[in-house]
1. Condition check: assigned to a loop (DSSP other than H, G, I, E, B), at pLDDT below 90 and more than 26 Å from ARG161 (Cα to Cα). Does LYS50 satisfy that?
2. Check ILE147 against each of (1) under 26 Å from the mean Cα position of the chain (by Cα); (2) buried (at least 17 other Cβ atoms within 10 Å of the Cβ); (3) of a type in the set (A, V, I, L, M, F, W, C); (4) modelled with pLDDT under 90 and name the one condition it does not meet.
3. Across segment 66-103, which residue is surrounded by the most Cβ atoms within 10 Å (Cβ to Cβ) among those that are of a type in the set (Val, Ile, Thr) and not in a loop (DSSP other than H, G, I, E, B)?
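The values are calculated or read from the model by the stated rules, or taken from the named source; none is laboratory data. If you're wondering where the values come from, they're calculated on a predicted model, not measured in any experiment. Note: ideal-geometry Cβ built from the backbone for every residue, glycine included; neighbour counts use all protein chains shown.
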Amino acid sequence: MSRRQMVVIGVLAAASLSGGLIAARQSRIHPVIQEKPRIVRAKAPLPIEKSYVYVHVSGGVFVPGLYRLPAGARIDEAIKAAGGIKPDGAPDSVNLAAKVHDGQKIAVPLKAAGVDAAANGPPETAEQGRTNLNTATAEQLDRLDGIGPVLAKRIIAWRERHGRFSTVRQLDDVQGIGAKKYALIKDAVVVE
């Protein structure tokens with residue numbers, strides 16, 4: 001074999017070997033290159049089915065009846081659903097900002113002979129003339145023995161913060177109503 005042939009074979013072998021190395025390099029897994037972290041936005045949550053409450057609106061409204069409202073709705077929304085307050089209705093007797101609760105009856109009182117019946121008449125009553133803790137106004141609560149304007153406001157504030165009273169005994173949770181005041185008013189109030 002001549003020297004020239006040996007050189008040609010060497011060149012061919014080198015070319016073959018380098019082609020194989022290039023192919024081998026390309027087939028290798030390359031090291032992971034550190035990239036900037038990607039910001040991945042969360043998908044919007046699936047819509048949650050709204051829960052509803054049913055309330056009975058009566059008294060001085062245009063269309064009294066049973067209404068379905070979204071949970072967390074206010075008494076104002078219930079009254080608007082019932083067509084609003086009639087001209088002879090007494091809107092100041094109802095806490096329009098209070099939240100409605102399932103099964104609640106919202107009674108809008110009527111004005112009596114040009115005078116707001118709720119302001120001058122007896123407190124909103126339930127069975128046997130007792131005041132309903134869940135619907136009474138501050139003025140109505142103030143008329144109870146041992147309850148003044150400050151405690152009446154605290155009772156309403158507790159009701160707005162915690163929801164409806166489920167038992168009369170929850171009056172113990174209102175700041176300023178101790179055992180003596182509770183004993184004095186427990187028979188004059190009711191929870192409906």
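1. Answer is no for this residue.
2. (1)
3. ILE79
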